[in-house]
1. Within region 61-83, can you find the residues that are more than 10 Å from GLY32 (Cβ to Cβ) and either open to solvent by less than 40 Å² (accessible area, probe 1.4 Å) or aromatic (Phe, Trp, Tyr) (or both)?
2. Select, from LYS162, LYS150, the only residue that is more than 17 Å from the chain's Cα centre (by Cα) and either of a type outside the set (Val, Ile, Thr) or crowded, with 20+ Cβ neighbours inside 10 Å (or both).
3. Could you tell me which residue of region 219-246 is modelled with the lowest pLDDT, considering only residues that are over 24 Å from HIS174 (Cβ atoms) and surrounded by fewer than 18 Cβ atoms within 10 Å (Cβ to Cβ)?
4. Those residues that are in contact with a Ser or Thr (Cβ under 7 Å, 6 or more places away or on another chain) and among the aliphatic types (A, V, I, L, M), I need them from region 103-138; list them, please.
5. From ALA192, ALA196, ALA163, which residue is of a type in the set (A, V, I, L, M) and under 27 Å from MET120 (Cα atoms)?
6. Restricting to region 125-149, give me the number of residues that are β-branched (Val, Ile, Thr) and either in contact with a Lys or Arg (Cβ under 8 Å, 6 or more places away or on another chain) or over 21 Å from CYS88 (Cβ atoms) (or both).
7. Can ALA156 be described as over 14 Å from the mean Cα position of the chain (by Cα) and without any contact (Cβ under 8 Å) to a residue 24 or more places away in the chain?
8. Among the residues of region 1-53, which ones are part of a loop (DSSP other than H, G, I, E, B) and either β-branched (Val, Ile, Thr) or touching a residue at least 40 places away in the same chain (Cβ under 8 Å) (or both)?
Amino acid sequence: MKDLSVLIVGGGAGLGALLARMAVEAGAAKIGIIDINQDAAEAALAPAKANGLPTAAALCDIQIGPQCHAAFDAIVSKLGRIDTLINCAAIYPRRPLLEISDADWDASNGINIKGTYHMMVAAVRHMQSQEPKSHVRGRIVNLTSVDAFKAHPQNAHYAATKAAVVSLTRSFAHDVAKHGILVNSVAPAGMATERAKALGFLEELAKASPLGRGAEPAEIAEWVLMTGGPKNTYMTGENVIVSGGYIYA
């Protein structure tokens, strides 16, 4: 991420906050965070601030298009340029297949699909007019999931939204390639997050993986940063699966 200005949506906690810290460690020049929790976003910027980097945080409900564009513009007004957008805001509300309510669908679709879409639109409108670096005007990385490719009756609405994001990624990549914008996604399997530990998912994750464990969040973050980093100058429209073998097991 050396010398890049990075914006992380959903960067206030979990994988997003980890990405903010690791982007700083990888040499990012500026860090922005958009989140539903302003205090969490500010706290996640602490490593960047400690390193003297320009930072910006904006509050946003990403289900609402105008809020997404206003938040993006607020970040740009402070940082001046966004080289990499990382979309990792999502919800994972488990529900048995025959018990998914309209409210469940609306929340999952609103955050996981609509929010990702609105942020990509905002990023493209900004990136398409900025000066390119090594042929690239900008990079967008969307967090998807291996659940988009395998049956997941315990969380079918989540899996469906992540399949939609894979499709959106490809459509955007095709449309904005002419502007020198690269759009890709990264699909992890289960991660050994604090939430997974608290909810007792770890044993389930370990059984599902040929490696016998869930991924450490940093192992996924490395691929996100690689895909959104300066060494990626040609890959676009791809979905990078990081599953510890789960996808073929």
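1. First pass over region 61-83, keeping only residues more than 10 Å from GLY32 (Cβ to Cβ): 61-70, 73, 77, 80-81, 83.
ILE62, GLY65, CYS68, ASP83 - these are the residues of region 61-83 that are more than 10 Å from GLY32 (Cβ to Cβ) and either open to solvent by less than 40 Å² (accessible area, probe 1.4 Å) or aromatic (Phe, Trp, Tyr) (or both).
2. Details: LYS162 fails: more than 17 Å from the chain's Cα centre (by Cα).
So the residue among LYS162, LYS150 that is more than 17 Å from the chain's Cα centre (by Cα) and either of a type outside the set (Val, Ile, Thr) or crowded, with 20+ Cβ neighbours inside 10 Å (or both) is LYS150.
3. Top of the filtered list is GLY245.
4. ILE113, VAL136
5. On the way: ALA192 fails: under 27 Å from MET120 (Cα atoms); ALA196 fails: under 27 Å from MET120 (Cα atoms).
The match here is ALA163.
6. We begin by selecting, within region 125-149, every residue β-branched (Val, Ile, Thr); these are 136, 140-141, 144, 146.
In the following step, the residues that additionally are either in contact with a Lys or Arg (Cβ under 8 Å, 6 or more places away or on another chain) or over 21 Å from CYS88 (Cβ atoms) (or both) were identified as 144.
Number satisfying all stated conditions: 1.
7. Details: over 14 Å from the mean Cα position of the chain (by Cα): yes; without any contact (Cβ under 8 Å) to a residue 24 or more places away in the chain: no.
Judged against the criteria, ALA156 is not a match.
8. Initially, region 1-53 is screened for residues part of a loop (DSSP other than H, G, I, E, B), giving 1-4, 10-13, 26-29, 36-37, 45, 51-53.
Selection gives MET1, LYS2, ASP3, LEU4, GLY10, GLY11, ALA26, ILE36.
The values are calculated or read from the model by the stated rules, or taken from the named source; none is laboratory data. The shown structure was predicted, so the numbers you read here are calculated from the model rather than taken from an experiment. Every residue, glycine among them, receives a Cβ derived from its backbone with ideal geometry; neighbour counts consider all protein chains shown. Just so you know, the surface numbers come from the protein's heavy atoms only, side chains and all, with ligands and any DNA or RNA stripped out. Shrake-Rupley method; radii C 1.70, N 1.55, O 1.52, S 1.80 Å.
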